[in-house]
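Below is one structure, written out as structure tokens; the observations come after it.
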Amino acid sequence: MTGPTDPDDNPALDMASDNAAPSRRGFLRDGAALIGGAMLAGGLKGEASAAGADNLPPNIPEWMKAPGDPMGSQPYGTPSPFENGVVKNISKNLKQYISASGRSPLGDLDGIITPNGLFYERHHGGVPSIDPEQHRLMLHGLVDRPLIFTMEDIRRFPQESRIHFIECSGNPAYTKPYGKTASDVAGLLSCAEWTGVSLKLVLQEAGLRPEAKWIVAEGADAAALTRSIPIEKCLDDAMLVYSQNGERLRPQQGYPLRLLLPGFEGNMNVKWLRRLKAVTEPVYSREETSKYTDLMPDGTAREFTFYMEAKSIITRPSGGQKLKQQGFHEITGLAWSGHGKIKRVDVSVDDGNSWQQARLQEPVLTRALTRFRLPWRWDGQPAVIQSRAIDETDYVQPTFAELLAARGENSFYHNNAVQPWRIDAQGQVTNANA
């Protein structure tokens, strides 16, 4: 397996065939020709409406002819109205209307950071409205000094910020992922810069006793969501978080305080955190017995499958999108692993018969999303594209057939299978699993 050669180091690649990875110089020549042809034709291939044609080069566009709004129309900044279609994909469990999820529009995002307004949501009892002045965090159980913290108390601890992803373990459900778009298939995934305090430091403040082996975390929502967390994780990289991407948490993300367990399944990152209890064994709550366990072929269930395994998805081109012309296209997507850093991402453009190594965007961070890219020249023929992630433990993202062979058909959570996209001769992209 070989990675893509840097085109600038090999001028011969400028003469590559239509199916080969194009060079940057070749792409720039092609692009210049396309732009010149469009201008000679009097418009960008007729895509602009007649009313908007006067705004195209070489004309002076309308928005240059008068001063704009000096401060914007809202005191809290909002996206451009031309981007009002980039929103969360909201779904609801109709049998329990307050149990809902909102998926990030992965196919419309760039980089690795998810904007706060597009961060995925998953709720079991609705979103509580909590006054931070009245909110308290109780720490008790196997500690020398049981404590009750105000939010002001929490913010007095030394602050730290780290970038990590959170992913729902049902992203997607284990059943074959028939969703149409990247958001449908893997939108219960987001990544942010989190700011807060080390959970280890807070536990030390209370005098954690040696016999404490688990911490039970409880949220202040109507579901009182409760999860048991091994003490090793609590003393490693766990955080008590109050800010996300530079601003205070939003209510949907646990305002005013949530637990962050990098690499662990989303359900364990308890939002609206109100209680931590140090105990000797897990409490076997609803969310770790009836739910969030993995059924096996012999009828038993795996419990406490905390980590999200290595996974990736191509986000462009992906389901619901369309390649409008042949030639250069950049294949790009996201890769992540709950076990650490992404080591490599391979991309196939021929339905898994061969693979090329993609370029990883720096910095590559532990337990964070990693953006990958591969230059590709589409020849107009049908193709199936897919990606597979390899993390620093050398774990390789499996195919869905490999997952079925290992777990059978009754499982529901932790589906990290390779996701293929089919491109037809018209450039339309659909889910190859459908």
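Keeping the other protein chains in place, figure out the carbon and sulfur percent of the accessible area of the range 174-236, with a 1.4 Å probe.
51
Quick check on the chain: helices-only [θ] at 222 nm, where DSSP H runs of length 4 and up contribute -39,500 (n - 2.57) each and the sum goes over total residues. Nearest 500, please.
Values: 6 runs with 47 residues, N = 434.
Rounded to the nearest 500, the figure is -3000 deg cm²/dmol.
Quick one: plug the Kirkwood hydrodynamic radius of the range 314-434 (C-alpha pairs) into Stokes-Einstein at 10 °C, 1.306 mPa s, and report D in µm²/s.
105
State which entries of Lys88/Lys200; Lys233/Lys271; Lys200/Lys277; Lys213/Lys277 exceed 22 angstrom in Cα-Cα distance in the structure shown.
Lys88/Lys200
Sum up the charges of everything whose Cβ sits under 13 Å from the Cβ of Ser354, counting Lys and Arg as +1 and Asp and Glu as -1, but leave Ser354 out.
-2
Determine the sum of side-chain charges near Tyr76: Lys and Arg each +1, Asp and Glu each -1, restricted to other residues whose C-beta is under 13 angstrom from that of Tyr76.
Summing Lys and Arg as +1 and Asp and Glu as -1 gives +1.
How far is it, in nm, from the label point at Thr150 to the one at Glu232 when both lie 7 Å from their Cα along the line to the Cβ?
For the pair Thr150/Glu232, the computed spacing is 3.9 nm.
Roughly speaking, what is the centre-to-centre gap between the range 195-239 and the range 140-172 when only Cα atoms are used, to the nearest Å?
7
Ranked highest first by the average count of other Cβ atoms within 10 Å around their residues, in what order do 182-190, 287-295 fall? Mind showing how you got there, number by number?
Values: 182-190: 26.0, 287-295: 16.9.
Ranking the peptides 182-190, 287-295 by packing returns 182-190, 287-295.
Show me, for the range 390-406, the HN-Hα J-couplings you get by feeding each phi into the Karplus relation (A = 6.51, B = -1.76, C = 1.60, θ = phi - 60°), rounded to Hz, glycine and proline as x.
Karplus values, whole Hz, x for Gly and Pro: 10, 9, 5, 8, 6, 6, 10, 4, x, 7, 5, 4, 5, 5, 4, 5, 7.
How large is the accessible surface per residue of the range 127-214, computed with a 1.4 Å probe and reported in Å² as a whole number? Walk me through the numbers on the way to the answer.
Working: 4030 Å² over 88 residues.
Heavy-atom accessible area per residue stands at 46 Å².
Taking amide hydrogens as modeled 1.01 Å from N in the peptide plane, which residues meet the under 5 Å criterion relative to Gln419, leaving out close sequence neighbours?
Ser387
Sum up the charges of everything whose Cβ sits under 12 Å from the Cβ of Asp153, counting Lys and Arg as +1 and Asp and Glu as -1, but leave Asp153 out.
That works out to +1.
Would you mind working out the accessible area per residue for the range 284-434, using a 1.4 Å probe, and quoting it in Å²?
Computed with neighbouring chains in place, this is 43 Å² per residue.
Which whole-number percentage describes the relative contact order of the range 191-248, with Cα contacts under 8 Å and a sequence gap of 6 or more?
Worked out over the range 191-248, it gives 54 percent.
To one decimal place, what Kirkwood hydrodynamic radius in Å is obtained for the range 110-238 from all pairs of distinct Cα atoms?
Taking the inverse mean of 1/r over all distinct Cα pairs, the range 110-238 comes out at 17.3 Å.
Quick one: Cα convex hull volume of the chain, Å³ per residue?
Taking only Cα atoms, the chain has a hull volume of 182 Å³ per residue.
The values are calculated or read from the model by the stated rules, or taken from the named source; none is laboratory data. Just so it is clear, the structure is predicted and the values come from calculations on it, not from any experiment. We place every Cβ from the backbone using ideal geometry, glycine too, and count neighbours over all the protein chains shown. Accessible surface is based on the protein model in full, side chains and every heavy atom, while ligands, DNA and RNA are left aside. Shrake-Rupley method; radii C 1.70, N 1.55, O 1.52, S 1.80 Å.
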